[in-house]
1. When the chain is treated as a GNM, springs tying every alpha-carbon pair under 10 Å, which of 210, 185, 163 comes out with the largest mean-square fluctuation?
2. Quick check: residue separation of residue 8 and residue 240 times 0.36 nm, minus the Cα distance between them. What number comes out in nm?
3. So, R0 is 51 Å and r is the distance between the beta-carbons of residue 228 and residue 186; what FRET efficiency does that work out to, to 0.05?
4. Please enumerate, by chain and number, the lysines with C-alpha under 26 Å from the C-alpha of residue 162, excluding those fewer than 8 residues away in the same chain.
5. In terms of Cα to Cα distance under 20 Å, which aspartates and glutamates are near enough to residue 109, apart from those fewer than 8 places away along the same chain?
6. For the chain, find the longest principal axis of its Cα atoms and tell me its angle to the long axis of helix 125-160, 0 to 90°, nearest 10.
7. For a paramagnetic label modelled at 7 Å from the Cα of residue 67 toward its Cβ, which residues of segment 103-123 fall within the zone defined by backbone nitrogen distances under 12 Å?
8. Calculate how steeply helix 8-41 sits against the longest principal axis of the alpha-carbon atoms of the chain, using the helix alpha-carbon long axis, and give the answer as 0 to 90 degrees to the nearest 10.
Amino acid sequence: MKNISELIVPIFVILLLSGVAIGAVYAYSGDYLDHERLYDEGKEAVAVVIMKAVEKEDGELSRSSVTNPYDIHRVFVDIDTPRPEGEEPPECSFTVSKLTYDVLVRRDKIVVTYLPSDPSVCTLPDSLSATRTILLSMMGVAGTLLLLAAGFTVHVYRSFRKPAPGNPVALTTDLGLPPGKLHCPRCGAEMTEGYIPASAGIPWRDRDDPVGMPTMTSGLPGTSSLLKRPKLHAYRCPACSIVTFKYGTGATPPK
């Protein structure tokens, strides 16, 4: 494949989209499922704060009272659930905002929503609905990124798929030359027939024109498109680096 180097950026984009999406699913799917279960099956109970700490990137806890809003603020509580006499109350932890973290102190009593089947999963009732919505949105974003990666993969595959034998790429323009090869105006050698896959327009300036600020809409007619990439009929002389191409639409009638 002559243009194999053009695959580098598309493959990078596909891997980036897929990596971000899979990372989001990995990071948030567990919390999302827990909050779905809390929303459907959760019960409220009184809990006693036993500790609060900031969770570091490596998972370690720091029992610090000086934090910033971007820290992961975690509160640990004992839940007063129905249990056999003498059995220790179940413990659970959940994340809170910095404001809630600063207000709560050890031995404070608060109301939490917990899972009867797994009391280690709990949260504050007031934050359950909002957190569930946020997590659902994150999962939706992850799904959208995966769909974009899949769609872009199909587009890349179709762009690099070699045409079937005897079925060359359909061109947007046609030089309309009489039978025979086109010769280079510099060296006289036969030129190679092909096409230019334009997309963002090919600007043109006369020798006495200023450069200006070329844009997609200021290119030569037929050299830019938002939906279907123009394929301009062309001939090239590799030795002289000269290209002759037809822009606009349709064919040029032979003289």
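1. Of the options given, 210 has the highest mean-square fluctuation.
2. Details: separation 232, 0.36 × 232 = 83.52 nm, distance 2.83 nm.
Extending this stretch completely gives an extra 80.7 nm.
3. Using R0 = 51 Å, I get an efficiency of 0.95.
4. Excluding near neighbours in sequence, the set is 2, 181, 228, 231, 246.
5. Within the straight-line cut-off, residue 109 pairs with 44, 78, 80, 87, 88, 91, 126.
6. Around 20 degrees separate the two axes.
7. 103-105
8. Tilt of helix 8-41: around 30 degrees.
Since every read-out is calculated from the coordinates, none of them should be taken as a lab result. Keep in mind that this is a model prediction, so the values were computed, not measured. FYI the Cβ positions are ideal-geometry reconstructions off the backbone, even for glycines, and counts take in every protein chain you see.
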